[in-house]
Amino acid sequence: MADPLRVLVVDTISLTAYGLSYLLDENQFIILPEQARSCTEARAHCGHYAPDILVLPRELANPYPEAVIGRFYQDFPNIRIILVDGNGDDIQWSHLVSLGIAGYLRRSDSPEIWQRCFRVLAEGGVYVGESAANRLPVNQAIADNHTPGQLAERDVKLLQLLAIGLNNEEIASELSLSKHTVKNSLTTLYKQLGVQTRSQAIAWGIQAGILEE
């Protein structure tokens with residue numbers, strides 16, 4: 001069994017870390033005992049604890065979240081960041097995706113959505129959730145070079161399941177396939193679409209009209 005992923009929570013209050021300690025499987029995730037109340041503290045803790053996942057409220061990264069997030073990735077290239085937003089109405093998602101955000105959540109999202117996000121990240125995926133899917137950037141040239149008619153029915157279903165945030169195990173159950181087959185199918189699909197991540201595949205699906213905004 002793989003070692004649990006270490007999670008550092010950045011927040012001005014302790015509720016997020018306290019709640020996650022109850023939501024997440026302790027065999028998969030460890031909530032680090034030290035919480036950061038600012039990005040400065042977070043960088044110090046990252047240097048000391050080397051967390052796998054950083055939970056970062058958007059308001060603590062303002063007014064320039066792109067610069068703050070970019071700095072974290074520059075200093076800690078192996079870290080994966082989950083951005084937590086208040087409402088997400090005006091988020092510049094295209095900038096954040098380009099920086100490699102691994103997850104996006106709203107504080108108001110249900111516990112099930114929070115759990116799903118962390119499960120997806122545990123499998124190496126990217127979770128954007130339905131709230132952000134219609135703000136994903138798309139390379140128009142990619143979309144122009146591939147039409148919906150070129151995708152097999154199972155590939156279309158894969159895109160749809162990715163868009164609602166299912167992880168590989170859940171997709172395997174939904175399609176009655178093995179996790180290994182799902183992993184290989186996603187790798188093949190990404191190559192066919194000319195993308196590298198789940199978020200880019202979802203964006204392609206929206207642009208191509210396969211997924212509804």
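Observations
- Close pairs from the stretch 193-213: first more than 9 Å from Leu159 (Cβ to Cβ) and among the β-branched types (Val, Ile, Thr), partner modelled with pLDDT under 75 and surrounded by fewer than 19 Cβ atoms within 10 Å (Cβ to Cβ), Cβ under 6 Å, at least 6 apart: Ile206/Glu213
- Among residues of the stretch 133-190 being of a type in the set (S, T, N, Q) and at pLDDT below 75, the one that is nearest to the chain's Cα centre (by Cα) is Asn134.
- Residue check, Ala42 of a type in the set (A, V, I, L, M, F, W, C), in a helix (DSSP H, G or I) and out of contact with any Ser or Thr (no Cβ under 9 Å at 6 or more places or on another chain): yes
- Count of the stretch 162-209 residues, restricted to those that are of a type outside the set (D, E, K, R) and crowded, with 18+ Cβ neighbours inside 10 Å, is 24.
- The set of residues from the stretch 163-213 being of a type in the set (S, T, N, Q) and in a helix (DSSP H, G or I) comprises Asn168, Ser173, Thr181, Asn184, Ser185, Thr187, Thr188, Gln192, Ser199, Gln200, Gln207.
The values are calculated or read from the model by the stated rules, or taken from the named source; none is laboratory data. Given the structure is predicted, the values throughout are model-derived calculations rather than measurements. All Cβ positions, even for glycine, are placed from backbone atoms using ideal geometry, and neighbour counts span all protein chains on display.
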